[in-house]
Amino acid sequence: DAKTTQPNSMESNEEEPVHLPCNHSTISGTDYIHWYRQLPSQGPEYVIHGLTSNVNNRMASLAIAEDRKSSTLILHRATLRDAAVYYCILLNSGGYQKVTFGTGTKLQVIP
Amino acid sequence: EPEVTQTPSHQVTQMGQEVILRCVPISNHLYFYWYRQILGQKVEFLVSFYNNEISEKSEIFDDQFSVERPDGSNFTLKIRSTKLEDSAMYFCASCDSGGPTDTQYFGPGTRLTVL
């Protein structure tokens, strides 16, 4: 599986935008970039995914570099509820889409 | 919004006992998964299940583990003879098509404590 690299932790002030980076320099052409997050004491939840173009949904935006070797998850206004571990994951057409979680980025939101 | 449910939320058992963890996936989903997370560690894949059979399993999923979809709605994980190291949060997940653009929905987890 192609590997992703994320910072272990980040801090943000409440109501400020947050940019969570992910490097995936060995990404293949068929790998989709997914982001999941895990709130404290909860199961992981899907945030967003993309292939080549930037994507927006109600939770976040995903900015994908032109060479696809990196991406950034953008939370436009961080709330206390966004404090979680964020995982950047690559998925391709094989393997019944099992999700391989790394250690992710622990986001702390400061009131 | 439909959700994956899991019961019980917390299970305490003695070492060597059998436990069954239960999950109700989202009703029209076809792919089912179990993951576990030992306290303070990563979420780890255990097994995927499709069309009433295991499609993939990790090396953690040894002969002590089994999965079943007994009645078309429940999806269960059985551990035959629990060990201390089986203590973890166990998450069930389901998705619709299993493809790379599909969303996997996770349940809230069952905390298993083996004494």
Keeping to region B:8-30, report how many residues are more than 22 Å from B:ASP62 (Cβ to Cβ) and among the hydroxyl-bearing types (Ser, Thr, Tyr). 2
Extreme residue, nearest to the other protein chains (Cβ to nearest Cβ), among residues of region A:18-57 that are under 21 Å from A:GLN97 (Cα atoms) and β-branched (Val, Ile, Thr): A:THR30
Among (1) under 12 Å from A:TYR87 (Cβ atoms); (2) part of a loop (DSSP other than H, G, I, E, B), where does A:CYS22 come up short? (2)
How many residues of region A:60-111 are assigned to a loop (DSSP other than H, G, I, E, B), at pLDDT 95 or above and within 12 Å of chain B (Cβ to nearest Cβ)? The answer is 1
Inside region B:18-70, the number of residues satisfying the requirement of being under 15 Å from B:GLU85 (Cβ atoms) and of a type in the set (S, T, N, Q) is 4
Do we find a residue being more than 21 Å from B:SER58 (Cβ to Cβ) and surrounded by 20 or more Cβ atoms within 10 Å (Cβ to Cβ) anywhere in region A:90-104? no
Of all the residues that make up region B:3-14, how many are out of contact with any Gly (no Cβ under 8 Å at 6 or more places or on another chain) and in a strand (DSSP E or B)? 5
Only one residue in A:GLN38, A:GLN42 is surrounded by 15 or more Cβ atoms within 10 Å (Cβ to Cβ), closer than 30 Å to B:THR7 by Cβ and touching a residue at least 12 places away in the same chain (Cβ under 8 Å), so which one is that? A:GLN38
For A:VAL47: the one exception among (1) outside any strand (DSSP E or B); (2) β-branched (Val, Ile, Thr); (3) in contact with a Lys or Arg (Cβ under 8 Å, 6 or more places away or on another chain): (1)
Being at pLDDT below 95 and charged (D, E, K, R) is the filter; apply it to region B:90-115 and report the residue that is nearest to A:LEU91 (Cα to Cα). B:ASP102
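The values are calculated or read from the model by the stated rules, or taken from the named source; none is laboratory data. No experiment lies behind these values; they were computed from the predicted model shown. When we count neighbours, we look across all protein chains shown, and the Cβ atoms used for this are built from the backbone with ideal geometry, even at glycine.
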